[in-house]
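Input: a single structure, listed below in structure tokens.
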Amino acid sequence: MTHLGVLIGCGFFATNHLHAWAEIPNVDIVAVCDLDEKKARATASRFGIEKAYTDAAEMVAAEAPDFVDIATTAASHRTLVEMAAPHTRLLICQKPMANTLADAEAMVAATDQAGTTLLIHENFRWQRPFQEIARRIAAGELGNIHFARFSFRHSYDNYANQPYLAQIERFALMDVGLHLFDLTRHLVGEATTLSCRTQRLNPDVNGEDAFTVIVGHAGGATSVLDCSFFSKLTPHRFPQTTAWIEGDRGTIDLDEEYRMTVHGPSGRKTYDVEAAVPGWGEKPWHVVGDSVVAFQRHAVAVLEGRAEPRPSGAHNVKTLAMALAAYEAAAANTVIDLDRWKEAR
Ligand SMILES: NC(=O)c1ccc[n+]([C@@H]2O[C@H](COP(=O)([O-])OP(=O)(O)OC[C@H]3O[C@@H](n4cnc5c(N)ncnc54)[C@H](O)[C@@H]3O)[C@@H](O)[C@H]2O)c1
């Protein structure tokens with residue numbers, strides 16, 4: 001059975017979505033939409049897609065698609081989700097899910113009310129190294145986890161492809177931060193507290209371009225999430241995330257160049273967990289391209305009732321809450337209890 005989809009937002013990252021959809025045999029993207037007609041037409045023509053629209057509501061009403069893939073930036077997500085929810089079975093929305101908790105909660109309510117599924121395009125947990133780590137944790141190789149560190153540090157010029165990143169006032173926590181918050185909830189467990197320090201290192205960037213967050217998890221584990229867009233490394237190391245996860249039976253060390261060392265009761269072993277380079281991709285972006293394919297294959301499994309959305313909109317509201325709470329923790333130099341923080345809003 002072929003699933004018919006439409007895509008909204010023909011910008012920088014949508015190219016990965018469209019290459020990945022083209023790789024999945026039982027998916028057909030029948031139309032794309034962008035406010036900018038030239039972009040919509042150029043994208044449709046590049047990917048052999050029949051129709052290009054400039055009005056997302058018109059496209060969704062006309063095409064009645066099985067799924068809608070939203071690849072716009074956060075400000076438009078709530079409006080688009082509320083518009084499309086009654087017309088489709090699955091809504092896929094890029095991160096950040098929204099800029100505010102109220103918008104994110106409204107998106108969950110709109111999809112619940114329409115009886116449609118909301119899946120957030122959160123692809124870091126779908127990167128090959130993290131799928132491998134999740135499998136080992138689930139198999140009990142590390143035992144009970146008590147410490148983790150996820151680190152994303154580089155000085156690659158992201159601003160060339162995504163100029164808005166240099167302009168937004170809330171940058172690193174709402175960009176890479178969301179990915180790291182999702183990773184630590186996914187691999188270590190639910191978060192209960194956090195503290196945060198932010199830094200603005202690059203004078204040409206408006207928002208914070210570095211942060212260090214300490215997360216307390218239900219069950220007692222601690223994780224440290226650190227990110228910098230101004231770490232002078234040669235080569236730059238973008239877009240790799242490194243990790244260190246300790247449990248009472250063993251430790252996993254995911255180093256640069258995708259070397260994963262597993263320390264266990266019988267010694268240590270190092271594995272190569274580098275992602276394959278997609279036919280349409282190239283290094284060093286392959287870890288991203290491969291994760292988009294894995295994520296979108298998961299979206300098909302959700303459409304076919306073979307999987308629950310990972311992460312769902314409802315799950316991702318808490319990830320967004322962590323990023324928003326982190327700004328307050330940094331400003332007040334305090335530790336935030338996430339449940340109390342959310343209740344107080
Ligand atoms: N998951 C990842 O690894 C990853 C990586 C990069 C970007 N992103 C996310 O992807 C999203 C898009 O980022 P980008 O860099 O491609 O942005 P972009 O600005 O290049 O593209 C967004 C496009 O959406 C269009 N658009 C906006 N509102 C619209 C509407 N209502 N109807 C139709 N089109 C509309 C714009 O005209 C633009 O062409 C962001 O939320 C970003 O955070 C995710």
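The values are calculated or read from the model by the stated rules, or taken from the named source; none is laboratory data. On a predicted model such as this, the values are computed, not experimentally measured, just so you know. Because the Cβ atoms are built from the backbone with ideal geometry, glycine has one as well, and the counts that use them run over all protein chains shown. Accessible surface is based on the protein model in full, side chains and every heavy atom, while ligands, DNA and RNA are left aside. Shrake-Rupley method; radii C 1.70, N 1.55, O 1.52, S 1.80 Å.
Stretching the chain fully between Tyr164 and Asp248 yields a gain of 25.9 nm (0.36 nm per residue, less the alpha carbon separation). Averaging 1/r over each pair of different alpha-carbon atoms in region 3-121 and inverting the result gives 13.9 Å, the Kirkwood hydrodynamic radius.
Taking other residues whose beta carbon is less than 15 angstrom from the beta carbon of Phe67, and scoring Lys, Arg as +1 and Asp, Glu as -1, yields -2. Each of Glu256 and Asn144 was given a label point 7 Å from its Cα along the Cα-to-Cβ line. The distance between the two points is 3.6 nm. Based on protein heavy atoms only, the chain ends up with 43 Å² per residue of surface accessible to a 1.4 Å probe. In percent, rounded to a whole number, the relative contact order of region 3-121 is 23, using alpha-carbon pairs under 8 Å and six or more apart. Report the Stokes-Einstein translational diffusion coefficient (µm² s⁻¹, integer) for the chain, Rh taken as the Kirkwood radius over Cα pairs, at 37 °C with viscosity 0.692 mPa s. It comes out at roughly 158 µm²/s. Please identify the helices of the chain, taking whole runs of DSSP H, that span at least 18 Å along their own axis as judged from the Cα atoms and have a mean Kyte-Doolittle score of 0.0 or higher. Long hydrophobic helices here: 101-114, 286-303, 313-332. Expressed as a fraction of 2.2 N^0.38 Å, the C-alpha radius of gyration for region 257-345 is 1.59.
Per residue, the average separation of C-alpha pairs within less than 8 Å and at least 6 apart gives the chain a relative contact order of 18 percent.
Within straight-line reach of Lys342, meaning a Cα separation under 18 Å, sit the following lysines at least 8 residues removed in sequence or on another chain: Lys318. Between Glu23 and Ala332, the C-beta separation translates, for a Förster distance of 51 Å, into a calculated FRET efficiency of about 0.65. What separates the Cα centres of region 50-116 and region 136-166 is a distance of 27 Å.
With contributions of -39500 (n - 2.57) from each DSSP H run of at least four residues, the per-residue ellipticity at 222 nm computed over the chain stands at -10500 deg cm²/dmol.
Computed with the Debye formula from one identical point scatterer per Cα of region 56-116, without solvent, the log10 of I(q)/I(0) at q = 0.12, 0.27, 0.30 Å⁻¹ comes to -0.24, -1.17, -1.37.
The modelled label-to-label distance between Ala218 and Ser45, using points 7 Å beyond Cα along the C-beta direction, is 5.3 nm.
Taking the convex hull of the alpha carbon positions in region 159-261 and averaging its projected area over all directions gives 7.4 nm².
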